[in-house]
Amino acid sequence: MQPGNPPLSAALGRAVDLSSLKARAAAPAASNGTGRYVVDVTEATFQAEVLEQSKRVPVVIDLWAAWCGPCRQLSPVLEKLAGEGAGSWILAKIDVDANPAIAQALQVQGIPAVKAVFDGQLVAEFTGAVPEPQVRQWITALVEATRAERPDGEAPAAPADSRLDAAEEALAAGDLAEAARCYQQILAAEPAHEQAAAALRQVELLRRISAAPADVVAVADAHPDDLAAQLAAADVEVASGSVEAGFRRLIEAVRQHTGEERDRARTRLVELFATVGDDDPQVVKARRNLASVLF
């Protein structure tokens with residue numbers, strides 16, 4: 001980073017702390033590609049993936065079959081919520097046709113059937129393709145109830161994801177290009193890896209502001225029609241903590257420009273939204289302002 005460019009602000013720490021990147025995901029990666037918090041379970045792996053795992057976090061079992069229409073409605077909802085849960089619970093998918101012994105042991109009468117296991121015990125269940133709001137409520141109650149049963153109210157720490165080590169080493173050495181390559185490699189193998197995606201967004205932002213001149217904001221203010229200057233200035237403003245100013249700058253660029261240049265400004269703004277965090281109040285406000293400009 002050139003002199004005069006401020007360091008990343010606390011706002012960017014919402015995604016991943018680039019100073020260490022030691023925060024780990026709350027669950028091990030699934031080997032089947034369905035996501036970090038979703039695993040396919042068989043009779044051979046039930047003990048490890050369900051019973052042992054349930055000693056750490058609740059495990060929600062999705063009992064399904066390929067011929068079951070309602071299962072095709074419910075399973076994507078459960079997978080989506082598992083991703084949102086970010087390891088506070090694990091989704092275990094079990095094909096009842098391929099694993100009849102499990103279905104029999106769990107006394108499955110019909111599918112889709114969903115059963116929650118915590119600390120090796122069945123603690124909750126429901127049957128049928130329940131609407132998403134009800135499933136979400138059920139999951140929330142499950143997580144809160146099982147957390148309350150732990151003495152410290154928290155789930156134990158998760159095992160580290162060793163695939164992040166190379167990226168961390170590159171960051172420690174100041175090699176942003178290599179760090180980006182490492183994160184891209186993780187995402188190529190696992191597109192749903194939220195931590196790698198968040199880290200990559202921040203690394204790319206760091207690379208951009210490292211290349212920006214020290215007076216980039218002043219240059220952008222002096223040349224409001226220069227889109228490249230506006231993009232670079234917005235990056236620096238967001239990274240330095242002037243998040244609202246950076247968002248406002250790009251919304252104005254969207255307002256002023258047309259065609260490809262308008263798309264460039266909008267795309268960069270959306271990238272910065274994701275970097276700061278979609279739940280940040282400044283992002284929520286800026287999204288509304290962007291919508292008013294676009295529509």
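Scanning segment 137-153 for residues that are farther than 13 Å from S88 by Cα and either of a type in the set (D, E) or at pLDDT 90 or above (or both) turns up Q137, W138, E149, D152.
Would you confirm whether or not segment 253-276 contains a residue that is over 25 Å from the mean Cα position of the chain (by Cα) and of a type in the set (V, I, T)? Checked segment 253-276: at least one residue is over 25 Å from the mean Cα position of the chain (by Cα) and of a type in the set (V, I, T). Scan segment 251-266 residue by residue and report those that are part of a helix (DSSP H, G or I) and loosely packed, with under 13 Cβ neighbours inside 10 Å. Result: G259, E260, D263.
Residue under question is R201, and the condition is that it be without any contact (Cβ under 8 Å) to a residue 60 or more places away in the chain and either within 22 Å of the chain's Cα centre (by Cα) or over 30 Å from E252 (Cβ atoms) (or both); does it hold? No, not satisfied.
For every residue, the table says whether it meets (1) modelled with pLDDT under 95; (2) assigned by TED's automatic domain parsing to the domain that holds L205; (3) farther than 20 Å from S210 by Cβ; (4) not charged (D, E, K, R).
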{"position": "E237", "(1), (2), (3), (4)": "yes, yes, no, no"}
{"position": "G241", "(1), (2), (3), (4)": "yes, yes, no, yes"}
{"position": "H257", "(1), (2), (3), (4)": "yes, yes, yes, yes"}
{"position": "R262", "(1), (2), (3), (4)": "yes, yes, yes, no"}
{"position": "R266", "(1), (2), (3), (4)": "yes, yes, yes, no"}
{"position": "L272", "(1), (2), (3), (4)": "yes, yes, no, yes"}
{"position": "T275", "(1), (2), (3), (4)": "yes, yes, no, yes"}
{"position": "D280", "(1), (2), (3), (4)": "yes, yes, yes, no"}
{"position": "V283", "(1), (2), (3), (4)": "yes, yes, yes, yes"}
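One residue is enough: does segment 189-203 have a residue meeting the conditions buried (at least 17 other Cβ atoms within 10 Å of the Cβ), among the small types (G, A, S) and not in a helix (DSSP H, G or I)? For segment 189-203, residues buried (at least 17 other Cβ atoms within 10 Å of the Cβ), among the small types (G, A, S) and not in a helix (DSSP H, G or I): present. Among the residues of segment 208-220, is there at least one that is of a type in the set (K, R), within 17 Å of E168 (Cβ to Cβ) and either outside the structural domain of D165 (by TED's automatic domain parsing) or touching a residue at least 24 places away in the same chain (Cβ under 8 Å) (or both)? Looking for residues that are of a type in the set (K, R), within 17 Å of E168 (Cβ to Cβ) and either outside the structural domain of D165 (by TED's automatic domain parsing) or touching a residue at least 24 places away in the same chain (Cβ under 8 Å) (or both), one finds none in segment 208-220, hence no.
Of the listed requirements (1) in a helix (DSSP H, G or I); (2) surrounded by fewer than 17 Cβ atoms within 10 Å (Cβ to Cβ), P224 misses just one: (1). Highlighted here are the strands (runs of 3 or more DSSP E) found entirely within segment 41-137 that include at least 3 residues which are without any contact (Cβ under 8 Å) to a residue 40 or more places away in the chain: 121-127.
Yes or no: segment 197-214 includes at least one residue that is more than 30 Å from L294 (Cβ to Cβ), modelled with pLDDT under 90 and in contact with a Pro (Cβ under 8 Å, 6 or more places away or on another chain). Yes: one or more hits. How about segment 164-175: which of its residues are without any contact (Cβ under 8 Å) to a residue 60 or more places away in the chain and surrounded by fewer than 19 Cβ atoms within 10 Å (Cβ to Cβ)? Selection gives D165, A166, E169, A172, A173, G174, D175. For first residues located in segment 226-241 and in contact (Cβ under 8 Å) with a residue 24 or more places away in the chain and under 12 Å from E252 (Cβ atoms), partners that are buried (at least 23 other Cβ atoms within 10 Å of the Cβ) and among the aromatic types (F, W, Y) and lie 6+ apart or on another chain with Cβ distances below 9 Å form the pairs A234/F247.
For segment 210-221, the set of residues classified as among the β-branched types (V, I, T) and surrounded by fewer than 22 Cβ atoms within 10 Å (Cβ to Cβ) consists of V219 only.
Just one of (1) at pLDDT below 90; (2) buried (at least 19 other Cβ atoms within 10 Å of the Cβ); (3) farther than 30 Å from V276 by Cβ fails for A48. It is (2).
The values are calculated or read from the model by the stated rules, or taken from the named source; none is laboratory data. Treat the numbers as computed from the prediction; the structure is a model and nothing was measured. Neighbour counts run over all protein chains shown; Cβ positions are idealised from the backbone, glycine included.
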